[in-house]
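Below is one structure; the comments refer to it alone.
The values are calculated or read from the model by the stated rules, or taken from the named source; none is laboratory data. Remember, it's a predicted structure, so these values are computed and weren't measured experimentally. Cβ: placed from backbone, ideal geometry, glycine included. Neighbour counts: every protein chain shown. When the accessible area is computed, the model is the full protein with side chains, heavy atoms only, and any ligands, DNA or RNA have been set aside. Shrake-Rupley method; radii C 1.70, N 1.55, O 1.52, S 1.80 Å.
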Amino acid sequence: MKIINTIKRNKFAYLLILPTLLFMGFSQVYPIFETVRLSLTNTHLVRRSSDFIGIQNYITLLFEDVHFWSILRNSILFVFAPIFTQFLVAVPAALVLNQRIIFRGLWRGLIMVPWVMPVVIVGLMLKWILDSNYGLVNYYLRVIGIITKNINWFGDQKLVYLTIILASTWKGFAYPTVMILAGLKGISVELYESAKIDGASGIQNFFYITLPMLRPILLVSGVVTLITGWTKFEMIYVLTSGGPGFATMTLPIYMYINSFGSFRLGLGAAIAAISTTIVMLLAFFYWKYLMSKD
């Protein structure tokens, strides 16, 4: 009854947000329920079958698919490793860009270039630069004498991990940099002046003032990076298509291949449901962990 009275008192406000709620329900909520429904069927685009089979798709993935767990491991690796490296670059970059350096506005603009570029364009560009036969990286490494023969950056199962992580770092580090830079602008100069009077060093300022004050920014940008990284598809698909073999296959690519390559929409929906559940759990525990540090 209390909820009904609240709605009556604020009915005009609710009418104003109703179009947004309807759009969110149609574009976000409905696809989630439809994905779960499809995951409980054997829907196939070619055979046009759509029979209810319960959790058989989940059993197939979790207990019968020999590649699923390695693909899940790849997904986790390609999310958390780039998050670590992006923030490893973003924090010092933001600290430098917060100083009064020459052409500061230019450097701030330039770091945004990789982030605003379309992912497919970045992937194709890196694919050509790292090409094992004609790539610029191999060419200049030979010129300066570091290597004597070309390196197959995408064919070696050890190098391909490093290549993708570095590519993801270069593409995405601008976002946390901008967020951290905005957070630095909100830290009062008086805190550093008081610490200077007390004899604090630059390192002590960083760990006892800067990092604690940046915690909310790091929390939000970390969660956003986690979610966007988990749904990462274009970069890896353009660079390796999940290869060599299944070495760089991730859940989004595996879902795409099963849904639109093998036309098994039911199985693809099950992969999507598992992937969504995992990223929600990761985001929840990540948030709880950082909040507990407060």
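One table, with the values for the structure above:
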| read-out | value |
| --- | --- |
| Karplus 3J(HN,Hα) series, Hz, for the range 262-278 with 6.51 cos²θ - 1.76 cosθ + 1.60 (x for Gly, Pro) | 9, 6, 8, 5, x, 5, x, 5, 5, 5, 5, 5, 5, 4, 5, 4, 5 |
| Values of log10 I(q)/I(0), in the order q = 0.09, 0.14, 0.19, 0.23 Å⁻¹, for the range 1-117 under a Debye, Cα-only, solvent-free model | -0.67, -0.94, -1.05, -1.28 |
| Surface per residue (accessible, 1.4 Å probe) for the range 137-294, Å² | 53 |
| Selected from P114, P92, P19 as most flexible by GNM, with the chain as the system and alpha-carbon contacts under 10 Å | P19 |
| Distant-in-sequence amide H partners of T41 (H built 1.01 Å from N, under 5 Å) | I53 |
| Principal axis dimensions, the range 58-111 - Cα atoms, whole angstrom, descending | 59, 16, 13 |
| Highest-fluctuation residue, A273, A182, A13 considered, GNM on the chain with Cα pairs under 10 Å | A13 |
| Solvent exposure, largest accessible area first (probe 1.4 Å, DNA, RNA and ligands not counted), of E190, E34 | E190, E34 |
| Pair-distance profile P(r), taking every C-alpha pair of the chain, with 10 angstrom steps and integer % | 6, 20, 25, 24, 17, 7, 2, 0 |
| Choice from R48, R108, R73 showing the highest fluctuation, given a GNM over the chain with Cα pairs closer than 10 Å | R48 |
| Gyration tensor (alpha-carbon) shape descriptor, the range 17-81, a/c threshold 1.5 | oblate |
| Using θ = phi - 60° and Karplus 6.51 cos²θ - 1.76 cosθ + 1.60, couplings along the range 205-217 (whole Hz; Gly, Pro as x) | 4, 5, 7, 9, 10, 5, 4, x, 6, 8, 3, x, 5 |
| 18 Å Cα cut-off, lysine pairs counted over the chain (separation 8 or more, or different chains) | 6 |
| Sorted peptide list for 115-126, 195-206, criterion being average Cβ within 10 angstrom, highest first | 115-126, 195-206 |
| Accessible surface of the range 235-280, 1.4 Å probe, proportion on carbon and sulfur as whole % | 70 |
